[in-house]
Amino acid sequence: MYPWEDALTEADRIVIEKGGYGKPRGLGSAPCLMIIDPQYNYVGADKPITEQLDEWPSGGGERAWAAIRNIQVLLDLARKADIPVIFTRNVQKKTVRFDAFARKTARDQTAYVEGHRGTQIVDELKPLEHELVVDKSYASVFYGTPIETYLVQLRVDTLIIVGGSSSGCVRATAVDGVTRGWNVAVVEECTYDRIELSHKAALLDLWMKYCDVIKLEDAKAYLERFVAQRAVAGA
C-alpha cells in the first residue's frame, strides 16, 4: 500500500482507473543513485518533528531519519555495484538575498548559507571522495547546475531518486529528469517531508503522471542485480 491511498476518495480512484494513470515507465540498465539534499537543515534531529523545530525549523525529524536509514541500504548496494552516486546540497553562497524561497518563511536564514553546519550532509551518508556533490540554489538539481553534463558523461539512463523533501526538491528533480528523457524512479520509503499531506500528494502526483514510485524492496532488488553482475565480472 502506498501512503496516498488512504487519502483518495472513491471519485479519485475512478479518475485514476479510467484515466489509465500510474502506468510504470520502467528502469534502464545504467542507473545512478541521486540523493537529494540529505543535509542537517532538512533532516533535523531524530525526534518527533514538533520537538526539534526550535533547532531545525526545516527539519523532517524522525520520519526523515527513518528514510536516511533506508537510504543507507541503497547507498551500500550502489557502492558495491560501482553505480554512480550523486548527492545534492541546497545551499546559498554568502547571502540568501536572492533566494526566492527564503521570502516565504519567517526565520533566521543564516543557517542556510555555506559554512553553517546545517548545510552539510549528515555523517550517516557522508560522500566518498570520488562521489559527486552538486550544489544548487533552487529546487531542481537541473536548474543552474552542470548535472546534465555529468549524467551524459556517466552514460546514465536511469535516476533512482531519494532524499527530501518529497514535495519540493525531490519532486522538482524527478519531473525535470523525466522531461529531459531519463528513466526516473522515486523510492517511497527513502523520501521525507515536513508535512504529511505534502508527502502523500507529491508522491501521488509523481506516480500518476511523471515517473515510477517504487518500494524499497523493489529498489533493493534492482540494485542487487548490478551487485551480482559485478561479482560475476570480477570472478
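Miscellaneous remarks
- Helical contribution to [θ] at 222 nm, DSSP H n ≥ 4, -39,500 (n - 2.57), averaged over the chain, rounded to 500: -11000 deg cm²/dmol
- Sorting the segments 203-210, 131-138 by their mean number of nearby beta carbons within 10 angstrom, highest to lowest, gives 203-210, 131-138.
- Note on the chain: with a GNM built from Cα contacts shorter than 10 Å, the maximum mean-square fluctuation among 40, 21, 112 falls on 21.
- ³J(HN,Hα) computed for each position of the range 149-154 - Karplus, 6.51 cos²θ - 1.76 cosθ + 1.60, integer Hz, glycine/proline x: 4, 4, 5, 5, 5, 7
- Comparing mean-square fluctuations of 117, 13, 225 from a GNM of the chain with C-alpha springs under 10 Å, the top value falls on 13.
- Using a cutoff of 8 angstrom between alpha carbon atoms and counting only pairs six or more residues apart, the relative contact order for the chain works out to 26 percent.
- With every protein chain in place, the chain: carbon and sulfur % of accessible area (1.4 Å): 52
- Comparing mean-square fluctuations of 81, 67, 139 from a GNM of the chain with C-alpha springs under 10 Å, the top value falls on 81.
- Near the amide H of residue 132, within less than 5 Å, lie the amide hydrogens of 85, 87, all on another chain or at least 5 residues away, with H placed in the peptide plane.
- In the context of the full set of protein chains, residues of the chain present 51 Å² of accessible surface per residue (probe radius 1.4 Å, heavy atoms only).
- When you filter the trypsin sites (Lys or Arg not before Pro) in the range 24-100 for DSSP loop state and at most 12 other Cβ atoms inside 10 Å of their Cβ, you are left with 93, 94, 97.
- Distant-in-sequence amide H partners of residue 190 (H built 1.01 Å from N, under 5 Å): none
- For residue 154, residues with placed amide H under 5 Å, excluding near neighbours: none
The values are calculated or read from the model by the stated rules, or taken from the named source; none is laboratory data. Computed from a prediction, not measured in an experiment: that's the story for all the values here. Neighbour counts are summed over all protein chains in view; Cβ atoms, including those assigned to glycine, are modelled from backbone coordinates with ideal geometry. Just the protein is used for accessible areas: all its heavy atoms, side chains included, with ligands, DNA and RNA removed. Shrake-Rupley method; radii C 1.70, N 1.55, O 1.52, S 1.80 Å.
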